[in-house]
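The values are calculated or read from the model by the stated rules, or taken from the named source; none is laboratory data. These numbers come from a predicted model, not from an experiment. All Cβ positions, even for glycine, are placed from backbone atoms using ideal geometry, and neighbour counts span all protein chains on display.
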Amino acid sequence: MNRIGYIRLTLVLVLFPALCSADRIKDIATIEGGSSVQVVGYGLVTGLNNTGDSPRSSFTTQSVLNMLKRFGITPQQSIFQQRTQNVAAVMVIATIPPFTRAGMKIDVTVSSIGDARSLQGGTLIMTPMVATDGTVYGMAQGPVSVGGYDISSLGSRSGKNLTNTGRVPAGLLLERAVSASHAVSSEIRLVLNHPDYTTATRIATTINTLDGLANTAQALDPATVVVRFPSGTTQTQAMELIARIEGAEVNADVAGKVVINERTGTIVVGGNVRLLPAVVAHGGLEIEIQQINTVVQPAPFTIGTTARVSNALIRTQEQTNPAVAIPATATVQDLANALNSLKVSPRDLVAIFQALKQAGALQAELIIQ
């Protein structure tokens, strides 16, 4: 029987072209003072089809017993421990946006902390959601939505994606508002999502050209732009000016980056990436190891036993690719054409990017994950 071992690497090369359209200020910056609140809770997911925590997860058993005691039920712990696989202990997390009010509903994420195999088909029981200061912002409850499946029967198992984590859409019912503090009647501060000197300056310049906001904006640093409203601005007028500022369009300046994920074989190239002239000579070495199992018989009329012998057949093949001259590129399409001219495998392309960066020919930040 022959067996050949090999590893396949699949790579997706994503090239983002340089965008000519401008971005709205509300998409690249936020108003200081309107921060989100992160909340967390510990709860139980019930209604699982024997895919919950096993009796080894003692905290799950204790949590269920404590919950039943609140309803006046006190089962025997020794017997109850054998029937807990329909329940799973989970951590519930959510991020509450600013300016939310009591009565609004927020999505929550549920993740197992025990040895549950799947949360598919489960329902989250009422769970208090607490912030870092101990304030309870609401209760989370509802059916868990899992983006996959995990089915096992008679020793066989079939699954897709991770089923130990799910979401409860609109599962958190807020009981209190999230406060936000900024004096909209006098001034506001815009905080850039990605700090950049050029983008901050362009935002201030754009705001100063709007009607009623001339000479009111100033870039304090790469991450902050302050807008001081004219004296006598009322609350209603300030809200109208903020809406006008958020809708203004600015050409954001994005630094050139190349992100390489060697685990998934993905390369993402930003729109501002440039290449200087370079010469690339690359050759790959392919090694194939094939195992051959044979049976050896003793010679006739001799004393011996039949034996199985495993031999290995090794084949090597080296590629002899010619050197390719890569011209200087000005656009992402030019970069794509230059990379395609190399005609190399995805794994080799990762090594070429690293070599181009070391040689100074790649005018971008190289990020390897």
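Got a number for residues in the range 213-251 being over 24 Å from residue 99 (Cβ atoms) and small (Gly, Ala, Ser)?
4
Please tell me if residue 199 is surrounded by 12 or more Cβ atoms within 10 Å (Cβ to Cβ), hydroxyl-bearing (Ser, Thr, Tyr) and touching a strand residue (DSSP E or B) at 6+ places or on another chain (Cβ under 9 Å).
yes
For the range 268-318, what are the residues that are within 35 Å of the chain's Cα centre (by Cα), at pLDDT below 70 and not in a loop (DSSP other than H, G, I, E, B)?
If the condition is that a residue be within 35 Å of the chain's Cα centre (by Cα), at pLDDT below 70 and not in a loop (DSSP other than H, G, I, E, B), then 285, 286 are the ones that fit.
What is the one condition in (1) modelled with pLDDT of 85 or more; (2) in the same structural domain as residue 125 (by TED's automatic domain parsing) that residue 62 does not satisfy?
Looking at each condition in turn, residue 62 falls short on (1).
Select, from 74, 60, the only residue that is buried (at least 17 other Cβ atoms within 10 Å of the Cβ), over 29 Å from residue 177 (Cα atoms) and of a type in the set (Ser, Thr, Tyr).
The match here is 60.
How many residues does the range 249-267 contain that are closer than 16 Å to residue 193 by Cα and either in contact (Cβ under 8 Å) with a residue 60 or more places away in the chain or hydrophobic (A, V, I, L, M, F, W, C) (or both)? Working first, answer last.
Filtering the range 249-267 for residues closer than 16 Å to residue 193 by Cα gives 249-255.
Those left that are additionally either in contact (Cβ under 8 Å) with a residue 60 or more places away in the chain or hydrophobic (A, V, I, L, M, F, W, C) (or both): 249-252, 254-255.
Selection size over the range 249-267: 6.
From 107, 115, 133, grab the single residue that is free of Cβ contacts under 8 Å to residues at least 40 places away in the same chain and either part of a strand (DSSP E or B) or not hydrophobic (A, V, I, L, M, F, W, C) (or both).
Answer to the selection: 133.
Hey, residue 33 hits all of (1) more than 30 Å from residue 162 (Cβ to Cβ); (2) assigned to a helix (DSSP H, G or I) but one; which does it fall short on?
For residue 33, the failing item is (2).
Show me the strands (runs of 3 or more DSSP E) found entirely inside the range 161-245 where at least 3 residues are within 30 Å of residue 141 (Cβ to Cβ) and touching an Asp or Glu at 6+ places or on another chain (Cβ under 9 Å).
In the range 161-245, 165-174 are the strands (runs of 3 or more DSSP E) which contain 3 or more residues that are within 30 Å of residue 141 (Cβ to Cβ) and touching an Asp or Glu at 6+ places or on another chain (Cβ under 9 Å).
Evaluate the range 230-240: report whether one residue or more is on the phi < 0 side of the Ramachandran plot, buried (at least 16 other Cβ atoms within 10 Å of the Cβ), at pLDDT 75 or above and not assigned by TED's automatic domain parsing to the domain that holds residue 341.
Taking every residue of the range 230-240 in turn, at least one turns out to be on the phi < 0 side of the Ramachandran plot, buried (at least 16 other Cβ atoms within 10 Å of the Cβ), at pLDDT 75 or above and not assigned by TED's automatic domain parsing to the domain that holds residue 341.
When the range 112-151 is examined, which residues are found to be aliphatic (A, V, I, L, M) and either over 18 Å from residue 96 (Cα atoms) or touching a Lys or Arg at 6+ places or on another chain (Cβ under 9 Å) (or both)?
Scanning the range 112-151 gives 113, 116, 119, 124, 125, 136, 144, 146, 151.
Take the residues in the range 232-246 that are touching a residue at least 60 places away in the same chain (Cβ under 8 Å) and aliphatic (A, V, I, L, M); name whichever of them is nearest to residue 207 (Cα to Cα).
Residue satisfying both the conditions and the ranking: 245.
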